[in-house]
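Q: Attaching a single structure in C-alpha coordinates format; questions to follow.
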Amino acid sequence: MIDIPLLKATSIISPRLTVLVNTIDSKGELVSSPYSWIYPINMNPPLIGVGVGRTKQSLKNAKRTGEFVICIVSPNFGQQAVNCEKAHKPGDRLWKKNNLHSQKSKKVNVPRIKESKAVLECKTKKVLEYNGDHVILVGEVVYAQSQETLEKVDPLLHVSGETFRAIGKAITLQRHTK
Ligand SMILES: Cc1cc2nc3c(=O)[nH]c(=O)nc-3n(C[C@H](O)[C@H](O)[C@H](O)COP(=O)(O)O)c2cc1C
(Lines give C-alpha, C1' and ligand atoms only; values in the text may rest on other atoms or scores of the structure.)
Protein backbone atom coordinates (compact mmCIF):
# COMPACT_ATOMS: atom_id res chain seq x y z
CA MET A 1 0.00 0.00 0.00
CA ILE A 2 1.16 3.56 -0.65
CA ASP A 3 -0.11 6.79 0.91
CA ILE A 4 -2.36 8.80 -1.38
CA PRO A 5 -2.32 12.60 -0.96
CA LEU A 6 -5.74 13.58 0.43
CA LEU A 7 -6.48 15.91 -2.48
CA LYS A 8 -6.13 12.87 -4.78
CA ALA A 9 -8.11 10.47 -2.57
CA THR A 10 -11.28 10.73 -4.68
CA SER A 11 -9.39 9.23 -7.62
CA ILE A 12 -9.39 5.92 -5.72
CA ILE A 13 -13.13 5.72 -6.41
CA SER A 14 -12.53 5.25 -10.10
CA PRO A 15 -12.91 4.51 -12.94
CA ARG A 16 -16.27 6.15 -13.43
CA LEU A 17 -18.37 6.69 -16.54
CA THR A 18 -17.43 9.50 -18.87
CA VAL A 19 -20.55 11.43 -19.88
CA LEU A 20 -21.51 14.59 -21.68
CA VAL A 21 -23.86 16.77 -19.65
CA ASN A 22 -26.13 18.61 -22.06
CA THR A 23 -27.81 21.88 -21.10
CA ILE A 24 -29.24 24.97 -22.81
CA ASP A 25 -27.23 28.14 -22.28
CA SER A 26 -28.40 31.74 -21.80
CA LYS A 27 -28.33 32.25 -25.60
CA GLY A 28 -30.63 29.26 -26.14
CA GLU A 29 -27.80 27.12 -27.55
CA LEU A 30 -26.88 23.56 -26.60
CA VAL A 31 -23.82 23.16 -24.35
CA SER A 32 -22.34 19.67 -24.04
CA SER A 33 -19.53 19.31 -21.49
CA PRO A 34 -17.66 16.22 -20.23
CA TYR A 35 -18.18 15.05 -16.65
CA SER A 36 -17.25 11.88 -14.76
CA TRP A 37 -18.34 12.51 -11.16
CA ILE A 38 -21.69 10.93 -11.84
CA TYR A 39 -23.50 8.50 -9.56
CA PRO A 40 -26.89 6.90 -8.95
CA ILE A 41 -28.39 8.21 -5.69
CA ASN A 42 -31.97 6.88 -5.54
CA MET A 43 -33.93 4.04 -7.14
CA ASN A 44 -37.58 5.16 -6.87
CA PRO A 45 -37.84 7.83 -8.10
CA PRO A 46 -34.66 7.37 -10.17
CA LEU A 47 -32.26 10.12 -9.10
CA ILE A 48 -28.72 10.69 -10.27
CA GLY A 49 -26.09 13.10 -8.94
CA VAL A 50 -23.35 14.95 -10.81
CA GLY A 51 -20.46 16.49 -8.88
CA VAL A 52 -20.17 19.90 -10.54
CA GLY A 53 -17.73 22.74 -9.87
CA ARG A 54 -19.61 25.74 -8.43
CA THR A 55 -18.74 28.02 -11.36
CA LYS A 56 -19.62 25.64 -14.21
CA GLN A 57 -21.97 26.71 -16.97
CA SER A 58 -23.75 23.35 -16.91
CA LEU A 59 -24.79 23.97 -13.30
CA LYS A 60 -26.12 27.47 -14.03
CA ASN A 61 -27.99 26.21 -17.08
CA ALA A 62 -29.51 23.19 -15.30
CA LYS A 63 -30.67 25.47 -12.47
CA ARG A 64 -32.10 28.12 -14.82
CA THR A 65 -33.92 25.81 -17.26
CA GLY A 66 -34.68 22.95 -14.85
CA GLU A 67 -33.44 20.31 -17.27
CA PHE A 68 -30.34 18.46 -18.46
CA VAL A 69 -29.44 15.32 -20.38
CA ILE A 70 -26.71 12.80 -19.54
CA CYS A 71 -25.13 11.26 -22.66
CA ILE A 72 -22.85 8.27 -22.13
CA VAL A 73 -19.55 8.62 -24.02
CA SER A 74 -17.98 5.71 -25.94
CA PRO A 75 -14.33 5.46 -27.07
CA ASN A 76 -15.24 6.04 -30.74
CA PHE A 77 -16.09 9.69 -29.94
CA GLY A 78 -14.12 9.99 -26.68
CA GLN A 79 -11.57 12.54 -27.89
CA GLN A 80 -14.30 14.72 -29.40
CA ALA A 81 -16.18 14.62 -26.10
CA VAL A 82 -13.08 15.44 -24.04
CA ASN A 83 -12.30 18.36 -26.37
CA CYS A 84 -15.60 19.91 -25.23
CA GLU A 85 -14.06 20.71 -21.82
CA LYS A 86 -12.17 23.66 -23.36
CA ALA A 87 -13.07 27.04 -21.88
CA HIS A 88 -16.23 28.31 -23.58
CA LYS A 89 -18.84 31.01 -23.41
CA PRO A 90 -22.58 30.87 -24.10
CA GLY A 91 -23.24 30.30 -27.80
CA ASP A 92 -19.83 28.70 -28.55
CA ARG A 93 -21.27 25.27 -29.49
CA LEU A 94 -18.00 23.36 -28.89
CA TRP A 95 -19.82 20.09 -29.63
CA LYS A 96 -20.48 21.29 -33.20
CA LYS A 97 -16.85 22.41 -33.66
CA ASN A 98 -15.83 18.88 -32.59
CA ASN A 99 -18.08 17.25 -35.17
CA LEU A 100 -20.66 15.92 -32.73
CA HIS A 101 -24.35 16.10 -33.62
CA SER A 102 -27.48 16.99 -31.67
CA GLN A 103 -30.77 15.14 -31.74
CA LYS A 104 -34.14 15.98 -30.17
CA SER A 105 -34.83 14.42 -26.80
CA LYS A 106 -38.16 12.76 -25.98
CA LYS A 107 -39.29 14.33 -22.67
CA VAL A 108 -37.12 17.42 -22.15
CA ASN A 109 -36.26 20.43 -24.33
CA VAL A 110 -32.50 19.87 -24.07
CA PRO A 111 -31.27 17.86 -27.07
CA ARG A 112 -29.07 14.79 -26.72
CA ILE A 113 -25.82 13.98 -28.54
CA LYS A 114 -26.63 11.70 -31.49
CA GLU A 115 -23.39 9.73 -31.16
CA SER A 116 -24.26 8.65 -27.58
CA LYS A 117 -25.57 5.09 -27.24
CA ALA A 118 -27.31 5.62 -23.89
CA VAL A 119 -29.01 8.73 -22.49
CA LEU A 120 -30.79 9.88 -19.34
CA GLU A 121 -33.19 12.79 -19.73
CA CYS A 122 -33.39 14.62 -16.40
CA LYS A 123 -35.36 17.32 -14.61
CA THR A 124 -33.28 19.29 -12.12
CA LYS A 125 -34.52 18.17 -8.71
CA LYS A 126 -32.14 19.89 -6.31
CA VAL A 127 -28.63 21.25 -5.91
CA LEU A 128 -26.93 19.86 -2.82
CA GLU A 129 -24.50 22.38 -1.38
CA TYR A 130 -21.83 21.82 1.24
CA ASN A 131 -18.71 23.67 2.24
CA GLY A 132 -16.59 22.90 -0.84
CA ASP A 133 -15.69 23.75 -4.41
CA HIS A 134 -18.26 21.37 -5.94
CA VAL A 135 -22.00 20.83 -5.47
CA ILE A 136 -24.16 17.84 -6.40
CA LEU A 137 -26.58 18.53 -9.20
CA VAL A 138 -29.43 16.09 -8.55
CA GLY A 139 -31.55 15.07 -11.53
CA GLU A 140 -34.72 13.05 -11.65
CA VAL A 141 -34.59 10.78 -14.67
CA VAL A 142 -37.81 11.27 -16.66
CA TYR A 143 -36.83 9.23 -19.71
CA ALA A 144 -33.99 6.79 -20.45
CA GLN A 145 -32.87 5.09 -23.63
CA SER A 146 -29.99 2.76 -24.34
CA GLN A 147 -28.55 0.21 -26.73
CA GLU A 148 -29.55 -3.22 -25.45
CA THR A 149 -26.23 -4.47 -24.04
CA LEU A 150 -23.27 -2.96 -22.21
CA GLU A 151 -21.03 -4.20 -25.02
CA LYS A 152 -23.05 -2.16 -27.52
CA VAL A 153 -23.03 0.95 -25.32
CA ASP A 154 -19.26 0.46 -24.81
CA PRO A 155 -18.87 3.18 -22.15
CA LEU A 156 -15.59 5.02 -21.87
CA LEU A 157 -14.39 5.01 -18.26
CA HIS A 158 -12.47 7.92 -16.74
CA VAL A 159 -9.70 6.91 -14.32
CA SER A 160 -8.24 10.36 -13.59
CA GLY A 161 -6.49 13.16 -15.47
CA GLU A 162 -5.80 11.98 -19.02
CA THR A 163 -6.19 8.26 -18.20
CA PHE A 164 -9.24 6.46 -19.51
CA ARG A 165 -10.17 2.76 -19.80
CA ALA A 166 -12.55 0.56 -21.73
CA ILE A 167 -14.91 -1.91 -20.00
CA GLY A 168 -13.45 -5.32 -19.12
CA LYS A 169 -14.93 -8.81 -19.25
CA ALA A 170 -18.19 -9.69 -17.47
CA ILE A 171 -18.00 -11.62 -14.17
CA THR A 172 -20.99 -13.36 -12.53
CA LEU A 173 -21.06 -13.62 -8.71
CA GLN A 174 -23.67 -15.22 -6.48
CA ARG A 175 -25.85 -12.71 -4.54
CA HIS A 176 -27.62 -13.34 -1.22
CA THR A 177 -30.58 -11.00 -1.43
CA LYS A 178 -33.31 -13.47 -0.25
C1 LIG B 1 -13.25 13.35 -18.72
C2 LIG B 1 -13.59 14.60 -17.97
C3 LIG B 1 -14.33 14.54 -16.82
C4 LIG B 1 -14.66 15.70 -16.10
N5 LIG B 1 -15.42 15.58 -14.99
C6 LIG B 1 -15.80 16.69 -14.31
C7 LIG B 1 -16.66 16.57 -13.18
O8 LIG B 1 -17.12 15.48 -12.83
N9 LIG B 1 -16.99 17.72 -12.52
C10 LIG B 1 -16.55 18.96 -12.93
O11 LIG B 1 -16.89 19.96 -12.31
N12 LIG B 1 -15.75 19.09 -14.04
C13 LIG B 1 -15.38 17.99 -14.74
N14 LIG B 1 -14.60 18.12 -15.86
C15 LIG B 1 -14.19 19.46 -16.32
C16 LIG B 1 -15.31 20.14 -17.16
O17 LIG B 1 -15.62 19.37 -18.30
C18 LIG B 1 -14.83 21.52 -17.63
O19 LIG B 1 -14.58 22.35 -16.51
C20 LIG B 1 -15.83 22.19 -18.57
O21 LIG B 1 -15.27 23.37 -19.10
C22 LIG B 1 -17.13 22.53 -17.86
O23 LIG B 1 -18.03 23.04 -18.81
P24 LIG B 1 -19.32 23.86 -18.40
O25 LIG B 1 -18.84 25.15 -17.77
O26 LIG B 1 -20.05 24.04 -19.70
O27 LIG B 1 -20.11 23.02 -17.45
C28 LIG B 1 -14.24 16.97 -16.58
C29 LIG B 1 -13.47 17.03 -17.75
C30 LIG B 1 -13.16 15.86 -18.44
C31 LIG B 1 -12.37 15.95 -19.73
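Q: Among the residues of segment 27-37 satisfying the criterion of being of a type outside the set (S, T, N, Q) and more than 7 Å from the ligand (Cβ to nearest atom), which is nearest to the chain's Cα centre (by Cα)?
A: Only one residue tops the list, namely Leu30.
This table checks each residue for (1) touching a residue at least 40 places away in the same chain (Cβ under 8 Å); (2) touching a His at 6+ places or on another chain (Cβ under 9 Å); (3) on the phi > 0 side of the Ramachandran plot.
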site: Tyr39; (1), (2), (3): no, no, no
site: Pro46; (1), (2), (3): yes, no, no
site: Gly66; (1), (2), (3): yes, no, yes
site: Lys97; (1), (2), (3): no, no, no
site: Val110; (1), (2), (3): yes, no, no
site: Ile113; (1), (2), (3): yes, yes, no
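Q: Kindly list, by first and then second residue, each pair from a residue in segment 70-85 that is of a type in the set (Phe, Trp, Tyr) to a residue that is surrounded by fewer than 22 Cβ atoms within 10 Å (Cβ to Cβ), limited to pairs with Cβ atoms under 9 Å and residues at least 6 apart or on different chains.
A: Phe77/Asn98; Phe77/Asn99; Phe77/Glu115
Q: Considering Asn22, Asn83, which residue is surrounded by 12 or more Cβ atoms within 10 Å (Cβ to Cβ), within 14 Å of the ligand (Cβ to nearest atom) and farther than 19 Å from Phe164 by Cα?
A: Working: Asn83 fails: farther than 19 Å from Phe164 by Cα.
The conditions single out Asn22.
Q: Related question: Scan segment 88-100 for residues that are modelled with pLDDT of 95 or more and surrounded by fewer than 13 Cβ atoms within 10 Å (Cβ to Cβ) and jot them down.
A: Listed by number, the list holds a single entry, Asn99.
Q: Taking Ser58 as the residue in question, decide whether it is polar (S, T, N, Q) and near the ligand (Cβ under 7 Å from one of its atoms). Write out each step before concluding.
A: Values: polar (S, T, N, Q): yes; near the ligand (Cβ under 7 Å from one of its atoms): yes.
Yes; evaluated as a whole, the condition is true for this residue.
Q: So, one more: If I filter segment 97-107 for residues that are near the ligand (Cβ under 10 Å from one of its atoms) and either in contact with a strand residue (DSSP E or B) (Cβ under 7 Å, 6 or more places away or on another chain) or under 19 Å from His158 (Cα atoms) (or both), do I get at least one hit?
A: Step one: filter segment 97-107 for residues near the ligand (Cβ under 10 Å from one of its atoms), giving none.
So far as segment 97-107 goes, no, none of its residues is near the ligand (Cβ under 10 Å from one of its atoms) and either in contact with a strand residue (DSSP E or B) (Cβ under 7 Å, 6 or more places away or on another chain) or under 19 Å from His158 (Cα atoms) (or both).
Q: Could you check, for segment 127-140, whether at least one of its residues is within 20 Å of Leu17 (Cβ to Cβ), polar (S, T, N, Q), surrounded by fewer than 19 Cβ atoms within 10 Å (Cβ to Cβ) and free of Cβ contacts under 8 Å to residues at least 24 places away in the same chain?
A: Applying the first criterion (within 20 Å of Leu17 (Cβ to Cβ)) to segment 127-140 yields 128, 134-140.
Remaining after also requiring polar (S, T, N, Q): none.
Scanning segment 127-140, I find no residue that is within 20 Å of Leu17 (Cβ to Cβ), polar (S, T, N, Q), surrounded by fewer than 19 Cβ atoms within 10 Å (Cβ to Cβ) and free of Cβ contacts under 8 Å to residues at least 24 places away in the same chain, so the answer is no.
Q: Mind checking which pairs have a first residue in segment 1-13 that is among the β-branched types (Val, Ile, Thr) and a second that is surrounded by 10 or more Cβ atoms within 10 Å (Cβ to Cβ), Cβ under 7 Å, 6 or more apart or different chains?
A: Ile12/Ile4
Q: For segment 40-52, which positions are under 21 Å from His158 (Cβ atoms) and either among the basic types (Lys, Arg) or more than 10 Å from the ligand (Cβ to nearest atom) (or both)? Write out each step before concluding.
A: Narrowing segment 40-52 to residues under 21 Å from His158 (Cβ atoms): 40-41, 48-52.
Hits for segment 40-52 are Pro40, Ile41, Ile48, Gly49.
Q: If you check Leu157, Leu137, Leu120, which single one turns out to be among the hydrophobic types (A, V, I, L, M, F, W, C) and more than 26 Å from Gly28 (Cβ to Cβ)? Walk me through how you get there before you give the answer.
A: Numbers: Leu137 fails: more than 26 Å from Gly28 (Cβ to Cβ); Leu120 fails: more than 26 Å from Gly28 (Cβ to Cβ).
Going through Leu157, Leu137, Leu120 in turn, the sole match is Leu157.
Q: Go through segment 6-63 and report how many residues are assigned to a strand (DSSP E or B) and aliphatic (A, V, I, L, M).
A: Qualifying residue count for the region: 13.
Q: Please work out which one of (1) assigned to a loop (DSSP other than H, G, I, E, B); (2) more than 15 Å from the chain's Cα centre (by Cα) is the condition Glu85 fails and give its number.
A: It fails just one condition, (2).
The values are calculated or read from the model by the stated rules, or taken from the named source; none is laboratory data. Because the structure is a prediction, the values reported are computed rather than measured. When we count neighbours, we look across all protein chains shown, and the Cβ atoms used for this are built from the backbone with ideal geometry, even at glycine.
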